[in-house]
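First the structure, in the form of structure tokens, and then the observations on it.
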Amino acid sequence: MSVLEKLTSKDAIALEEKYGAHNYHPLPVVLSKGEGVYVWDVEGKKYYDFLSAYSAVNQGHCHPKIVNAMIRQAQTLTLTSRAFYNDMLGKFEKLAAETFGYSKLLPMNTGAEAVETAIKICRKWAYEKKGVPENQAQIVVCENNFHGRTTTIISFSNDSVAHNNYGPYTEGFIKIEYDNLNALKEVLEGNKNIAGFLVEPIQGEAGVFVPSEGYLAKAKELCKMHNVLFIADEVQTGIARTGKLLATCGNCNCPEKHCSGTPEVKPDILILGKALSGGAYPISGVLANDEIMDVITPGSHGSTFGGNPVAAAVGIAALEVVKDEGLAENAFQLGEIFREELNKFIPKCNIVNAVRGKGLLNAILINDSEDSSTAWDICMALKENGLLAKPTHGNIIRFAPPLVMNKEQLMECVGIIIKTLKKFEK
């Protein structure tokens, strides 16, 4: 079959079903084009994208500055491995370090790789700097977390689909309840071998679960008190998604009004991915200051593709777009409008219990059981009405459009969502 042969949606889905592993359950829509906040299927129907590739496409589909940076670099030099220097990586590392306020960046490719990297840095720091006995370091994680699907990461997941039948599992992790400071305090006080606390500032895959005000700041204080590294997984929440450059708002340079009443939290280790490239290329990274990052020495960690010239060029452009186009401020303002408009509708309906989120990372809770098909059926109806979203945890629908969206587009989308939900009123 020629790559130029035009497929129908039915044909494309059939090909994936036959030749691809069934590790995803996509909505039955086959996309062939994207621009800004829109995507088109192979038949030419236009949709609003309200998933943004799980927040990878914060800067919008095919942003010209990012695409042009990728093309220019791909025509010049694509890969050297880290056996040699290249003339782009240092520029990217400097911009990322200065943007987020850290000494150094360790570049990788995927979010899961970055999480694995952070775990390795944390453990090595514990042995070499904190004095934890060899092979005794433990990392505290939260229930209902989502940090990826590698063998180590699923070892501390309580998602049965991701976890079951993949053992034996990696040891060294302690699970506690999310948004529970007493649980964190208890585990830190009772164990001198704790190396780090790995946490999502907002649990996205769990259904956009936003912790209590001040939770992250107090958790960071507890970690500091016990000489434990506070590790923030901002793969999904970072790069302006929640209305600030980072959900933790540590040294984020966002407008002061956005941080009013929200304590700033600077993670000891920061994990980024997804929108670090604007969705154009797999790029992730771990940031830390020298006293932590200097445990990484030649040969102790690496990646053939991590920090390649194309990734560096794309990463530079992606971060510049976020700053130049004020995407954090736009996400903050539109997120306030989105929740305000849905909160006008929710008291009048019986299909939605609540809307929650920050910035343009939001979710609605469908009034049905987790094992029902209602949320999926609503997403199918939204698709027919020109808006793409996906359920998570059965009865929750996540809404995360590209941050380049404007108010007029947002209000049109709110109209589509409300019109669709009304059809499901009980």
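Readers should treat all values here as calculations from the given coordinates under stated rules, not as data from a laboratory. Only a predicted model underlies this, so the values are computations on that prediction, with no experimental measurement involved. Note that each Cβ is placed from the backbone with ideal geometry, even for glycine, and that neighbours are counted across all protein chains shown.
Work through the residues other than Lys130 whose Cβ is under 11 Å from its Cβ and net out their charges, Lys, Arg +1 and Asp, Glu -1. Provide the component values of the computation, followed by the final result.
On the way: positive: Arg123, Lys124, Lys129, Lys192; negative: Glu128.
The answer is +3.
Assign one of three labels to the stretch 123-267, namely rounded, prolate or oblate, based on the Cα gyration tensor with a ≥ b ≥ c the square roots of its eigenvalues; rounded applies when a/c is under 1.5, prolate when it is not and a/b is larger than b/c, and oblate otherwise. Could you put the intermediate results ahead of the total?
Values: a/c = 1.95, a/b = 1.30, b/c = 1.50.
Oblate shape, in that a/c is at least 1.5 and b/c is the bigger or equal ratio.
Only counting other Cβ atoms within 10 Å, I'd like Ser155, Ser300 sorted with the fewest neighbours first. All intermediate terms of the calculation are to be shown ahead of the outcome.
Values: Ser155 17, Ser300 10.
The order, fewest Cβ neighbours first, is Ser300, Ser155.
Take the Cα gyration tensor of the stretch 64-324, multiply each eigenvalue by 5, square-root it, and list the three semi-axes largest first, rounded to whole angstrom.
Details: eigenvalues 170, 92, 62 Å².
Sorted largest first and rounded, they come to 29, 21, 18 Å.
Give me the distance in nm between label points sitting 7 Å out from Cα along the Cα-to-Cβ direction at Met411 and His226, one decimal.
With each label point 7 Å from Cα toward Cβ, the separation is 5.0 nm.
First select every other residue whose beta carbon is under 13 angstrom from the beta carbon of Ser103; then total the charges, Lys and Arg +1, Asp and Glu -1. It would help to have the intermediate numbers written out before the result.
Working: positive: Lys94, Lys104, Lys266; negative: Glu93, Glu98, Asp268, Asp290, Glu291, Asp294.
That works out to -3.
Which loop-located GluC sites (Glu not before Pro) does the stretch 186-226 contain, where loop means any DSSP state but H, G, I, E or B and the Cβ has at most 16 other Cβ atoms within 10 Å?
The qualifying sites are Glu213.
Could you let me know the centre-to-centre spacing of the stretch 57-72 and the stretch 86-120, using Cα atoms, in angstrom?
20 Å
Go through the stretch 111-150 and name the GluC sites (Glu not before Pro) that are in a DSSP coil and have 13 or fewer other Cβ atoms within 10 Å of their Cβ.
Numbers: sites: Glu113, Glu116, Glu128, Glu134, Glu143; in loops: Glu134, Glu143.
Listed in order of number, the matching sites are Glu134.
Mean residue ellipticity at 222 nm from the helices of the chain, using -39,500 (n - 2.57) per DSSP H segment of n ≥ 4 over the full residue count, to the nearest 500 deg cm²/dmol? Intermediate values should be presented prior to the final figure.
On the way: 14 runs with 147 residues, N = 426.
Value at 222 nm, helices only, nearest 500: -10500 deg cm²/dmol.
Please return the longest stretch of the chain lacking exposed loop sites, where chymotrypsin sites (Phe, Trp or Tyr not before Pro) count only if DSSP places them in a loop and at most 15 other Cβ atoms lie within 10 Å.
On the way: sites that count: Tyr24, Phe84, Tyr85, Tyr166, Tyr169.
Result for the longest clean stretch: 170-426.
Quick one: His25, His393, fewest Cβ neighbours within 10 Å first, how do they rank?
Numbers: His25 8, His393 17.
Fewest-to-most ranking of His25, His393: His25, His393.
Charges only on Cβ, +1 for Lys and Arg, -1 for Asp and Glu: so what's the dipole of the chain about the Cα centre, in debye to the nearest 20?
360 debye
Looking at the square roots a ≥ b ≥ c of the eigenvalues of the Cα gyration tensor of the stretch 277-411, which shape do they give, rounded for a/c under 1.5, prolate if a/b is larger than b/c, or oblate? Walk me through the numbers on the way to the answer.
Working: a/c = 2.45, a/b = 1.91, b/c = 1.28.
Verdict is prolate for the stretch 277-411.
List the lysines whose Cα sits under 29 Å from the Cα of Lys130, skipping any in the same chain fewer than 8 residues away.
Lys94, Lys104, Lys120, Lys175, Lys185, Lys192, Lys218, Lys220, Lys224, Lys266
When Met411, Met405, Met108, Met293 are ordered from fewest to most other Cβ atoms inside 10 Å of their Cβ, what list results?
Met411, Met293, Met405, Met108
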